[in-house]
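Peer 1: Okay, handing you the structure first.
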Protein chains: 2
Amino acid sequence: MDLKLISSNKSFGGYQKVFEHFSPTVQCNMKFGIYLPPAESENEKFPVLFYLSGLTCTEQNVITKSGYQRFAAQYKLIVVCPDTSPRNCNIPNEDEKWNIGSGASMYVNAQQEPWNKHYQMFTYITDELYQLVQNTFPVIQDKISISGHSMGGHGALLCALLCPEKYKSVSLFAPVCSISNSPTLIDGLKTLVGEEKHILQKWDTTFLVKEYDGPEMEILIHVGSDDEYLIKDLLIDDFVEAANKSKDNKIKTTLFLEEGYDHGYYFISTFIGEHFKFHSSKLSV
Amino acid sequence: MDLKLISSNKSFGGYQKVFEHFSPTVQCNMKFGIYLPPAESENEKFPVLFYLSGLTCTEQNVITKSGYQRFAAQYKLIVVCPDTSPRNCNIPNEDEKWNIGSGASMYVNAQQEPWNKHYQMFTYITDELYQLVQNTFPVIQDKISISGHSMGGHGALLCALLCPEKYKSVSLFAPVCSISNSPTLIDGLKTLVGEEKHILQKWDTTFLVKEYDGPEMEILIHVGSDDEYLIKDLLIDDFVEAANKSKDNKIKTTLFLEEGYDHGYYFISTFIGEHFKFHSSKLSV
């Protein structure tokens, strides 16, 4: 496994880096951002927060726009920001639509031709990159949490609900909570996994949360009241209602509806400090 | 004077807005970003910080990448972020080179054809936009400071040295300090103002600081030790040396050379809080 350093910039005493590597899971080169906080000694190790970005984003959006490095340095967290899909795979029309193909992996494992050769993002995030980060960087083993925005919120929920033993805490910005019921997103999901209802539901976090039977999980959610996707595509209330009925109350959600905020990075940067504080408290246990 | 609202996003309790207007000074439409901090009453007024961006930037770079809104909200400052030049003026080759034309006004008033019709950025910043902001937004009259990055640092220094009565304080990130001695920038400057040495020096802040005879002025400067432009194009040491010999010690500089930081927004975002604290202390006097 060779990592190619694309960029390295000092930020808040640590380093914001971008690496590229060939991923056997998705069969193409993938980039990810990683922030390494300032270390007090050569041997110091840190907990890790994964951050999954939204539809159309690359790793660049969150590393340039959220200002998270201030809090990654303060709370001493490594932060990993994967790209949102395979790219340049020579799949016909892969770059044609903003909600199908490049930038729109939906963080699932595709079953449909021709996407299934590359679009195995769920395994890439929860297995390949998860291991790569622990094997390559100064990580405290198993001290790993996950966060995400919009489609990346859906991705973070998928990871946490399907692999709860891998993540200590989950936080979400304006998450897509029931992808199979989103009119904007259902076509992209069907392109990747087919039209069968039980398969669509397998990747729908509101269905998954009803069946959840893992360890206790706390989920922090922020969303803006002026988010243009709030009503039609995020479907957060349905998720929270289902989560609140989870078996043995294993899932606890805390939802903040923030007056006047929209869907973008001005919203995220305003509240990202609270998410880092939340994860830091869970990762320090 | 009509202002067209291009965007408005809630951020840290206030609003990051972008406006467009026709500027009689530069004879084209100009955009600027403005952050309005959260107000406690309808009549509350605020001091203003202008921030001038570097070569090739638009108003978008600083409003999306610096994270300044956190501090503008905390210190209750309006922040105005102009574009870096006139655009779409139908000047031949105006978009051909990154260091001549669009994005490269050098913040001077051009004298050379065909640029002189539009490239009057010094007057635009110090007069037209300065008045527009005071007449349009909830500004405490005359409580105005200025900051800038790289070429915008040069611009901020020009504004402060030539119009010292208009700005309460000056802060600079990796500023260009002697534009007529920068091999990267001299061609662009000559394109705008001609080749005569005394005119080139008129827009060179290291020459201007030697002649400065205005009110006392404190200048805060941060620059990274790994800044790729540090040695050849910024020429900060020459400026500081000249400033330290200023008449009656009217100019005081505080320069921080920050180990390992480069020229970009990861550097700026790390230190922008200190600049807002500096300006806030000067504007509250």
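Peer 1: Report the residue count in segment B:135-144 for those that are over 16 Å from the mean Cα position of the chain (by Cα) and either β-branched (Val, Ile, Thr) or crowded, with 22+ Cβ neighbours inside 10 Å (or both).
Peer 2: 3
Peer 1: Looking at B:Asp233 and the list (1) more than 14 Å from chain A (Cβ to nearest Cβ); (2) among the acidic types (Asp, Glu); (3) in a helix (DSSP H, G or I); (4) loosely packed, with under 15 Cβ neighbours inside 10 Å, which single condition is not satisfied?
Peer 2: (4)
Peer 1: Also: Identify all residues within segment A:193-219 that are more than 12 Å from A:Ala160 (Cβ to Cβ) and either of a type in the set (Ser, Thr, Tyr) or within 18 Å of the chain's Cα centre (by Cα) (or both); write none if there are none.
Peer 2: A:Lys202, A:Trp203, A:Asp204, A:Thr206, listed by residue number.
Peer 1: Give me the pairs, please: first residue somewhere in segment A:78-105 and without any contact (Cβ under 8 Å) to a residue 12 or more places away in the chain, second residue anywhere and open to solvent by less than 30 Å² (accessible area, probe 1.4 Å) and of a type in the set (Ser, Thr, Tyr), beta-carbon distance under 8 Å, and either six or more positions apart or on two chains.
Peer 2: Listed pairs, sorted by first residue: A:Glu94/A:Ser102; A:Asp95/A:Ser102.
Peer 1: A further question on this structure: Among the residues that make up segment B:86-96, is at least one of them open to solvent by less than 10 Å² (accessible area, probe 1.4 Å), in contact with a helix residue (DSSP H, G or I) (Cβ under 6 Å, 6 or more places away or on another chain) and modelled with pLDDT of 95 or more?
Peer 2: no
Peer 1: If you check B:Val209 against the conditions, is it more than 24 Å from B:Val79 (Cα to Cα), open to solvent by less than 40 Å² (accessible area, probe 1.4 Å) and hydrophobic (A, V, I, L, M, F, W, C)?
Peer 2: yes
Peer 1: Before we move on, is B:Lys10 within 21 Å of the chain's Cα centre (by Cα), closer than 21 Å to A:Phe267 by Cβ and open to solvent by 10 Å² or more (accessible area, probe 1.4 Å)?
Peer 2: no
Peer 1: List every residue pair whose Cβ atoms sit under 7 Å apart, with the two residues 6 or more apart in sequence or on different chains, where the first one lies in segment B:145-173 and is open to solvent by 10 Å² or more (accessible area, probe 1.4 Å) and the second, anywhere, is among the charged types (D, E, K, R).
Peer 2: These pairs meet every condition: B:Lys168/B:Lys143; B:Lys168/B:Lys282.
Peer 1: Tell me, yes or no, whether segment B:107-123 has at least one residue that is on the phi > 0 side of the Ramachandran plot, in a loop (DSSP other than H, G, I, E, B) and small (Gly, Ala, Ser).
Peer 2: The answer is no, given that none of the residues of segment B:107-123 is on the phi > 0 side of the Ramachandran plot, in a loop (DSSP other than H, G, I, E, B) and small (Gly, Ala, Ser).
Peer 1: What number of residues in segment A:241-271 are more than 12 Å from chain B (Cβ to nearest Cβ) and open to solvent by 20 Å² or more (accessible area, probe 1.4 Å)?
Peer 2: Of the residues in segment A:241-271, 13 are more than 12 Å from chain B (Cβ to nearest Cβ) and open to solvent by 20 Å² or more (accessible area, probe 1.4 Å).
Peer 1: Exactly one condition in (1) out of contact with any Lys or Arg (no Cβ under 6 Å at 6 or more places or on another chain); (2) within 14 Å of chain B (Cβ to nearest Cβ); (3) buried (at least 21 other Cβ atoms within 10 Å of the Cβ) is false for A:Ile34; which is it?
Peer 2: Status for A:Ile34: all satisfied but (1).
Peer 1: So which residues in segment B:37-57 are assigned to a loop (DSSP other than H, G, I, E, B), more than 14 Å from chain A (Cβ to nearest Cβ) and either of a type outside the set (A, V, I, L, M, F, W, C) or open to solvent by less than 10 Å² (accessible area, probe 1.4 Å) (or both)?
Peer 2: Of everything in segment B:37-57, those that are assigned to a loop (DSSP other than H, G, I, E, B), more than 14 Å from chain A (Cβ to nearest Cβ) and either of a type outside the set (A, V, I, L, M, F, W, C) or open to solvent by less than 10 Å² (accessible area, probe 1.4 Å) (or both) turn out to be B:Glu40, B:Ser41, B:Glu42, B:Asn43, B:Glu44, B:Lys45, B:Ser53, B:Gly54, B:Thr56.
Peer 1: Would you check if B:Gln60 is farther than 22 Å from B:Ser182 by Cβ, open to solvent by 30 Å² or more (accessible area, probe 1.4 Å), in contact (Cβ under 8 Å) with a residue 12 or more places away in the chain and in contact with a helix residue (DSSP H, G or I) (Cβ under 8 Å, 6 or more places away or on another chain)?
Peer 2: No: the conditions fail for B:Gln60.
Peer 1: Looking for something over 30 Å from A:Arg70 (Cα atoms), crowded, with 20+ Cβ neighbours inside 10 Å and among the small types (Gly, Ala, Ser) - is there at least one such residue anywhere in segment A:187-198?
Peer 2: Yes, segment A:187-198 has at least one match.
Peer 1: Could you please find all residues in segment A:63-80 being within 25 Å of A:Gln131 (Cβ to Cβ), within 14 Å of chain B (Cβ to nearest Cβ) and either surrounded by fewer than 21 Cβ atoms within 10 Å (Cβ to Cβ) or under 16 Å from the mean Cα position of the chain (by Cα) (or both)?
Peer 2: Within segment A:63-80, A:Ile63, A:Tyr68, A:Val79 meet the criteria.
Peer 1: Taking B:Val18, is it closer than 21 Å to B:Glu128 by Cα and either within 14 Å of chain A (Cβ to nearest Cβ) or free of Cβ contacts under 8 Å to residues at least 12 places away in the same chain (or both)?
Peer 2: When the stated conditions are applied, B:Val18 passes them.
Peer 1: Also, I was wondering about something else. Consider A:Asp238 carefully, then state whether it is loosely packed, with under 14 Cβ neighbours inside 10 Å and either free of Cβ contacts under 8 Å to residues at least 12 places away in the same chain or in a helix (DSSP H, G or I) (or both).
Peer 2: No; evaluated as a whole, the condition is false for this residue.
Peer 1: For segment A:262-275, does any single residue satisfy the condition of being closer than 24 Å to A:Val108 by Cβ, in a loop (DSSP other than H, G, I, E, B) and among the small types (Gly, Ala, Ser)?
Peer 2: no
Peer 1: Can you find a residue that is within 14 Å of chain A (Cβ to nearest Cβ), touching a strand residue (DSSP E or B) at 6+ places or on another chain (Cβ under 7 Å), crowded, with 17+ Cβ neighbours inside 10 Å and in contact (Cβ under 8 Å) with a residue 12 or more places away in the chain anywhere in segment B:215-222?
Peer 2: So far as segment B:215-222 goes, yes, one or more of its residues are within 14 Å of chain A (Cβ to nearest Cβ), touching a strand residue (DSSP E or B) at 6+ places or on another chain (Cβ under 7 Å), crowded, with 17+ Cβ neighbours inside 10 Å and in contact (Cβ under 8 Å) with a residue 12 or more places away in the chain.
The values are calculated or read from the model by the stated rules, or taken from the named source; none is laboratory data. Predicted, not measured: the structure shown is a model, and the values here were computed from it. We place every Cβ from the backbone using ideal geometry, glycine too, and count neighbours over all the protein chains shown. In case anyone asks, the SASA skips ligands and DNA or RNA and just uses the protein heavy atoms, side chains included. Shrake-Rupley method; radii C 1.70, N 1.55, O 1.52, S 1.80 Å.
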